[in-house]
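Take a look at the structure set out below.
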Amino acid sequence: MKLHKDIEQKSEAWFSLRREYPLSASNATAIITAGVGLETLCWTAIAERRSSKVVEHYSNEHTERGIELEPQAITIYELETGSEVEEVGFITNNKISDVGGVSPDGIISKDGMVEVKCPDDVKFLKLLAEFNETGKITIEKGYYRQMQMQMMFAERKWNDYVVFNPNFSPNIIIQRVEPDKEVVEKLKIGLAVGEQIIIKIEKKLCLKK
């Protein structure tokens, strides 16, 4: 496992590293289903590697909101839990995959990590109501798979799912997620399939008549 602590997320160096390791945790659903979505992901990754065109990195109001609020969420999380969150740009692990990597929102000591989401008012209020009623919240399948892949690459025992919205009190919900063997095995299979797809595409592109 390698922690790329000197790489700032969203920087050109980070995007370059993501092109080298294109099967990232944000694409965990495409990886785990190992179907058309994974094949498209692999073709897109190779096109970005080989094209001379400067790749435009799009964002929307939801991603911009997350970028803006994440530092505040991390600070409140640290106060609530007494944990110290360390930033890390990217994590690779050649024991898991030569073409995959993850970008968690932070790592904690030697066993933990954290993933932050900053939903809008309505979504947060629904989660808060669910938490008040049941003591837990439903994590969207894509986020759950993302967190499983993060733990797998980072070799961590737990990942705290942090939901934050500064417009409410309480403004933070924390739910711990631990490794799910079934999901992890499916992710490993998907990563292996993706690596073979990339190898096959590269071989086709290297053929000369």
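Details
- The set of residues in the range 72-93 being loosely packed, with under 15 Cβ neighbours inside 10 Å and in a helix (DSSP H, G or I) consists of Thr75, Leu79, Glu80.
- Here Glu68 meets the list (1) in a helix (DSSP H, G or I); (2) surrounded by 13 or more Cβ atoms within 10 Å (Cβ to Cβ); (3) under 19 Å from the mean Cα position of the chain (by Cα) almost entirely, failing just condition (2).
- Number of positions in the range 166-181 that are more than 16 Å from Ile107 (Cβ to Cβ) and free of Cβ contacts under 8 Å to residues at least 60 places away in the same chain: 8
- In the range 116-145, the residues that are touching a helix residue (DSSP H, G or I) at 6+ places or on another chain (Cβ under 6 Å) and crowded, with 22+ Cβ neighbours inside 10 Å: Val116, Arg145
- In the condition set (1) surrounded by 13 or more Cβ atoms within 10 Å (Cβ to Cβ); (2) under 20 Å from Glu195 (Cβ atoms); (3) among the hydrophobic types (A, V, I, L, M, F, W, C), Met1 is compliant with all but (1).
- Residues in the range 3-33 that are more than 16 Å from the chain's Cα centre (by Cα) and modelled with pLDDT of 95 or more: Thr33 alone.
The values are calculated or read from the model by the stated rules, or taken from the named source; none is laboratory data. Being a predicted model, the structure only gives us computed values, none of them experimental. Note that we place each Cβ from the backbone using ideal geometry, even for glycine, and neighbour counts take in every protein chain shown.
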